[in-house]
Structure formats: C-alpha cells, structure tokens
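To keep things clear, I will list the structure first and then write my remarks on it.
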C-alpha cells in the first residue's frame with residue numbers, strides 16, 4: 001500500500017483549473033519531481049499537498065486515509081519548506097531554527113541547532129538577525145531544519161534557488177541520503193537539472209483545457 005496517493009488532483013485560479021488533473025503514488029524510499037511551465041501551479045499543488053491551502057479537485061490519501069480527515073497525522077510526519085523561507089527577520093539564526101521547529105513539536109537544544117547551522121555554512125552567524133542575511137544565507141537557514149527533523153516526508157518548493165554551487169551539492173547529498181534512508185521527497189526544482197536524474201519519477205503538469 002503506497003504511503004501517499006493522489007487521485008485526479010488539480011487546483012484552481014478563480015473558476016478555472018490550473019492544470020489537467022494528475023495522479024501519483026509514493027512509497028518509502030521514493031521521490032517525485034513536479035515540473036511544468038512557469039505559472040502552471042507547481043507551488044500551488046505543493047502547498048495543497050502540504051496542507052497550506054485547500055485542494056479544489058481530487059483526493060489525497062496518507063496511508064490509505066483521506067488526508068483532509070487525518071491532518072494531524074500528516075503534519076506529524078511531514079515537513080514543508082516553501083519558496084518563501086518562513087524565517088522571522090527579527091530573530092537571530094539560532095532563535096529562528098529553534099522556534100520554527102518548536103511549532104512543529106520538536107524541542108531542539110542550542111548545541112544541536114549550532115551544529116546544524118555549521119553544517120549549512122552558517123557557523124559564526126548564530127546571533128545574526130535573519131533579516132540581515134543574504135538571500136542564499138536565508139535559504140541555508142531554512143534548509144537547516146532538514147538536519148533536525150525525523151519526519152519521513154519532505155515537501156520542498158524550489159530549494160535550490162539562491163544557493164551557490166557548494167550549497168546545491170550539499171543539498172543534493174542531503175536529499176539523496178533522505179531517500180536512501182526510506183524517506184519520501186516531493187520537490188519542485190526547475191533550475192537544477194541534476195535532480196531530474198536522481199528522483200524516482202517526474203510529474204509534468206500540463207495546462208488544463210479551458
């Protein structure tokens with residue numbers, strides 16, 4: 001039985017579907033790249049899967065249960081990092097990392113957070129306010145959450161944006177390890193061709209017929 005199943009799902013803008021309904025299933029150790037033209041709804045469908053917004057058509061299931069009825073179980077097993085990082089500019093890096101995960105029900109000790117920041121290349125920035133970081137550093141701060149969670153499902157929207165070559169290589173390694181360790185990955189990444197060769201499958205969204 002697949003862990004995640006999508007049956008004929010689509011999203012709307014106004015009264016119109018953004019893309020033709022799509023279906024897929026994912027089990028542990030599998031990954032899905034969602035592709036398509038700009039504006040077709042890649043972010044919207046990821047947000048719908050993550051539970052950030054409603055789904056206008058179709059059915060999403062988690063362990064064969066309708067996701068809309070079992071959201072608590074879903075949120076306890078999944079981590080969503082959107083195109084907007086979710087960092088709070090008025091908090092420093094340590095505070096950002098610990099407070100975000102606390103909302104997810106994860107208590108992170110300061111040494112653990114410091115180690116994660118070091119791994120993403122933010123050693124020495126622990127007490128720097130997030131609002132003063134560069135775009136790449138803000139993305140690294142958000143991605144540091146991946147190192148501190150034990151969630152099986154990662155939902156990532158354009159995680160490679162604003163990362164330099166070293167940052168992209170690091171992230172590819174982290175994602176690869178997650179899937180090899182029986183994790184599930186749903187991702188959009190139109191600007192990184194390497195990920196296409198690593199995912200289990202690719203789902204290409206096509207414009208809905210008007």
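Evaluated against (1) farther than 30 Å from residue 4 by Cβ; (2) buried (at least 20 other Cβ atoms within 10 Å of the Cβ), residue 111 falls short on exactly one condition, (2). Of everything in segment 29-51, what is surrounded by 14 or more Cβ atoms within 10 Å (Cβ to Cβ) and out of contact with any helix residue (DSSP H, G or I) (no Cβ under 8 Å at 6 or more places or on another chain)? Give them in sequence order. The answer is 32, 40, 41, 42, 43, 44, 45, 46, 47, 48, 49, 50. Picking from residues in segment 10-21 that are touching a strand residue (DSSP E or B) at 6+ places or on another chain (Cβ under 6 Å) and surrounded by fewer than 20 Cβ atoms within 10 Å (Cβ to Cβ), the one that is modelled with the lowest pLDDT is 17.
With the condition kept exactly as written, say whether any residue in segment 165-180 is in a loop (DSSP other than H, G, I, E, B) and within 17 Å of residue 83 (Cα to Cα). Checked segment 165-180: no residue is in a loop (DSSP other than H, G, I, E, B) and within 17 Å of residue 83 (Cα to Cα). Assessment of segment 82-99 against the conditions (outside any helix (DSSP H, G or I), in contact with a strand residue (DSSP E or B) (Cβ under 7 Å, 6 or more places away or on another chain) and under 29 Å from residue 182 (Cβ atoms)) yields at least one matching residue.
Screening residue 122 on (1) surrounded by fewer than 19 Cβ atoms within 10 Å (Cβ to Cβ); (2) touching a helix residue (DSSP H, G or I) at 6+ places or on another chain (Cβ under 7 Å); (3) at pLDDT 95 or above shows it passes everything except condition (1).
Inspect segment 139-158 for any residue being over 18 Å from the mean Cα position of the chain (by Cα), in contact (Cβ under 8 Å) with a residue 24 or more places away in the chain and part of a helix (DSSP H, G or I) and give the result as yes or no. Checking segment 139-158: not a single residue is over 18 Å from the mean Cα position of the chain (by Cα), in contact (Cβ under 8 Å) with a residue 24 or more places away in the chain and part of a helix (DSSP H, G or I). Taking the condition of being in contact (Cβ under 8 Å) with a residue 60 or more places away in the chain, over 20 Å from the mean Cα position of the chain (by Cα) and under 17 Å from residue 204 (Cα atoms), how many residues in segment 1-20 meet it? Residues flagged as in contact (Cβ under 8 Å) with a residue 60 or more places away in the chain, over 20 Å from the mean Cα position of the chain (by Cα) and under 17 Å from residue 204 (Cα atoms) within segment 1-20 amount to 4. Within segment 181-198, the set of residues being modelled with pLDDT of 95 or more and either in a loop (DSSP other than H, G, I, E, B) or exposed (fewer than 11 other Cβ atoms within 10 Å of the Cβ) (or both) comprises 181, 182, 183. Taken together, the residues in segment 36-56 that are without any contact (Cβ under 8 Å) to a residue 60 or more places away in the chain, within 16 Å of residue 7 (Cβ to Cβ) and in a helix (DSSP H, G or I) amount to 1.
The values are calculated or read from the model by the stated rules, or taken from the named source; none is laboratory data. Remember, predicted model here, so these are calculated numbers, not experimental data. When we count neighbours, we look across all protein chains shown, and the Cβ atoms used for this are built from the backbone with ideal geometry, even at glycine.
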